[in-house]
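For reference, the structure discussed in these notes is given below.
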Amino acid sequence: MLEKGNSCVGLNEPRLVARKFLARPQHEGVGAVVRRSIGRFELRYFDPFLVLDEFSVTAPAGFPDHPHRGFETVTYMLQGAVTHEDFEGHKGTIGTGDIQWMTAGRGIVHSEMPAAQGTQKGLQLWINLSSKNKMIEPRYQEISSKDIAEATRDGIKVRVIAGEALGTKSPIYTRTPTMYLDFTLDPGAHLQQPIPDSWNAFVYVLEGEGIFGRSKSSPVNAHHLLLLGSGDGLEAWNKSSKSLRFILVGGEPLCEPLVQFGPFVMNTQEEIDQTIDDFENYTNGFEKARHWRSESGLSLDF
């Protein structure tokens, strides 16, 4: 007889929590507040993940015109809406539950600004690209909330943003092999979710209180990042009286040199120097930045 919510997978070596961080609020962009858990001084990089921000922004604050090169940004809206514009002429608004998977590649300049009244909240994850993919052309994958794959079983609900869970697969293509799963566990539910052995993986708690790794571990509540150790999957329990919501993210490490300068992420200092030169001189992927400004009419200096 399976206990409630057991996903029937059967893990040989469940991953334990190796490190835990509380993501504290800090200011970012222009007037925005983020809780940064990856990309801060205690955890600069968790290969292949560069940054994880839980953001909160209310107009007129936001993330005005700024560049990227060498990685991908994944924006997942939890509340409200954000409008994205870029120098390629792409413009769109993502609302609650929507996802935008942006491959900056060789270069993009864009803005991300509130599109609704009140406070807009979401997650933004930066995923590094391998050296062979850093200079590819920019592209987008945008999926509305209604089109995100979902599955429900025995007190567990999952939104499959990337990868696979409970027999359901996401249509998102990930250049750096990645899983991104949004789980909600009812009280009493128990999850067993496989993760490829060689991948790095983490949990970020959004709501409620959960137990991860060992059934007798101390409960962990919202805004905590849990880095998972080695093993073939995650075990999680909701032993509280309220719903537990968290994301589980995993990715295949690139195991390549990393040099980062703000929004530019390359493999060598020489490539960073070239990127700065390209951006300042509007060349090699940044040509359209010379005359483009978003409708917000603002810019950031780097």
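The values are calculated or read from the model by the stated rules, or taken from the named source; none is laboratory data. Everything numeric here is computed off the predicted structure, so don't read it as measured data. Cβ: placed from backbone, ideal geometry, glycine included. Neighbour counts: every protein chain shown. These area figures cover heavy atoms from the full protein model, side chains too; ligands, DNA and RNA do not enter into them. Shrake-Rupley method; radii C 1.70, N 1.55, O 1.52, S 1.80 Å.
Values for this structure:
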{"read-out": "Qualifying positions in segment 233-255 - open to solvent by 30 Å² or more (accessible area, probe 1.4 Å) and more than 20 Å from the chain's Cα centre (by Cα)", "value": "Lys239, Ser240, Ser241, Lys242, Ser243"}
{"read-out": "Given (1) at pLDDT 95 or above; (2) small (Gly, Ala, Ser); (3) within 20 Å of the chain's Cα centre (by Cα), index of the condition Gly262 fails", "value": "(1)"}
{"read-out": "Count - residues of segment 43-80 that are open to solvent by less than 10 Å² (accessible area, probe 1.4 Å), within 20 Å of Val160 (Cβ to Cβ) and in a strand (DSSP E or B)", "value": "8"}
{"read-out": "Spans of strands (runs of 3 or more DSSP E) in segment 222-302 with at least 1 residues touching a residue at least 12 places away in the same chain (Cβ under 8 Å) and out of contact with any helix residue (DSSP H, G or I) (no Cβ under 9 Å at 6 or more places or on another chain)", "value": "224-228, 233-237, 244-251"}
{"read-out": "Some residue of segment 259-267 being touching a strand residue (DSSP E or B) at 6+ places or on another chain (Cβ under 6 Å) and open to solvent by 30 Å² or more (accessible area, probe 1.4 Å)", "value": "yes"}
{"read-out": "Yes/no for Ile276 being touching a Ser or Thr at 6+ places or on another chain (Cβ under 8 Å), open to solvent by 10 Å² or more (accessible area, probe 1.4 Å) and either within 25 Å of Leu78 (Cβ to Cβ) or of a type in the set (A, V, I, L, M) (or both)", "value": "no"}
{"read-out": "Hits in segment 87-104 (condition: surrounded by 19 or more Cβ atoms within 10 Å (Cβ to Cβ) and either more than 21 Å from Asp278 (Cα to Cα) or free of Cβ contacts under 8 Å to residues at least 60 places away in the same chain (or both))", "value": "Ile94, Asp98, Ile99, Gln100, Trp101, Met102, Ala104"}
{"read-out": "Every residue from segment 152-166 that is open to solvent by less than 20 Å² (accessible area, probe 1.4 Å) and closer than 19 Å to Pro48 by Cα", "value": "Ile161, Ala162"}
{"read-out": "Some residue of segment 25-38 being open to solvent by less than 20 Å² (accessible area, probe 1.4 Å), in contact with a strand residue (DSSP E or B) (Cβ under 6 Å, 6 or more places away or on another chain) and at pLDDT 95 or above", "value": "yes"}
{"read-out": "The one condition in (1) in contact with a Ser or Thr (Cβ under 6 Å, 6 or more places away or on another chain); (2) open to solvent by 30 Å² or more (accessible area, probe 1.4 Å) that Gln192 fails to fulfil", "value": "(2)"}
{"read-out": "Subset of segment 167-187 that is outside any strand (DSSP E or B) and open to solvent by less than 40 Å² (accessible area, probe 1.4 Å) - its residue that is farthest from Gln124 (Cα to Cα)", "value": "Ser170"}
{"read-out": "Segment 245-270: number of residues that are over 19 Å from Asp47 (Cα atoms) and out of contact with any Phe, Trp or Tyr (no Cβ under 8 Å at 6 or more places or on another chain)", "value": "1"}
{"read-out": "Filter result for Glu28 (among the acidic types (Asp, Glu), under 23 Å from Glu280 (Cα atoms) and without any contact (Cβ under 8 Å) to a residue 40 or more places away in the chain)", "value": "yes"}
{"read-out": "Members of segment 195-226 found to be open to solvent by 10 Å² or more (accessible area, probe 1.4 Å) and within 16 Å of Tyr180 (Cβ to Cβ), listed by number", "value": "Pro196, Trp199, Asn200, Leu206"}
